Amino acid sequence: MSDEYTVSLNELEKRLAVYIGRQRTAMNRNVTATNHKLAHEDPIKADIEGVMGELAFCKLLSTYPHDVFEISIRSAADGQDYGDVTMNGLRIDIKTSAYKSARLLANTKNPNVDILVLMTGEDGVYTLSGGVWAEEMYKDSRYDTHVGLRKPCYAVEHNELISPEDVFKTLLY
């Protein structure tokens, strides 16, 4: 994959992501004791990496991360989750994984997002791996208990993702 779709966060951006990730985890614990993460991983680390991926996406596309800085409980189930970023009228849900060949995963169907994108990487260095339109992601045939995961979810295989080039074209033009 081309380096043009890889971005590194600076130390200030990483510290900000750690703060926001910890705040998100604390707020989520106040609402529910259930860890909704799909994989077997530390929920605080997952929240921090998720914020870093969101900041990296915004940095890559030169857009201000308004919604990333919002620390509140947003739920697709109650209709309050409008994704992580809005660009050119499209609402984008950003998912992050440390694995370069990761699947793009979603716990639940979110009718308020238009496209989901996958950032891969960790510790402040992330690559836009691609994306998928929401109507393609949320097909009933994609909902299952997939290998290596602890509960059912929607999944798109890495090789099925829209290319990073096409994600850029869709979001910037």
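The table below lists the values:
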read-out	value
Residue count for the stretch 45-65, restricted to those that are in a loop (DSSP other than H, G, I, E, B) and open to solvent by 20 Å² or more (accessible area, probe 1.4 Å)	3
Search result, residues across the stretch 109-119 that are free of Cβ contacts under 8 Å to residues at least 40 places away in the same chain and open to solvent by 10 Å² or more (accessible area, probe 1.4 Å)	Pro111, Asn112, Asp114
Hits in the stretch 112-153 - residues which are of a type outside the set (A, V, I, L, M), in a strand (DSSP E or B) and touching a Leu at 6+ places or on another chain (Cβ under 7 Å)	Ser129, Gly130, Gly131, Cys153
The stretch 127-152, residues that are crowded, with 16+ Cβ neighbours inside 10 Å, hydrophobic (A, V, I, L, M, F, W, C) and under 27 Å from Gly89 (Cβ atoms)	Leu128, Val132, Ala134, Met137
Any hit, the stretch 76-91, residues being touching a Pro at 6+ places or on another chain (Cβ under 7 Å), open to solvent by 20 Å² or more (accessible area, probe 1.4 Å), within 27 Å of Ile162 (Cα to Cα) and at pLDDT below 75	no
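The values are calculated or read from the model by the stated rules, or taken from the named source; none is laboratory data. Because the structure is a prediction, the values reported are computed rather than measured. When we count neighbours, we look across all protein chains shown, and the Cβ atoms used for this are built from the backbone with ideal geometry, even at glycine. Side chains included, ligands, DNA and RNA excluded: accessible areas come from the protein's heavy atoms. Shrake-Rupley method; radii C 1.70, N 1.55, O 1.52, S 1.80 Å.
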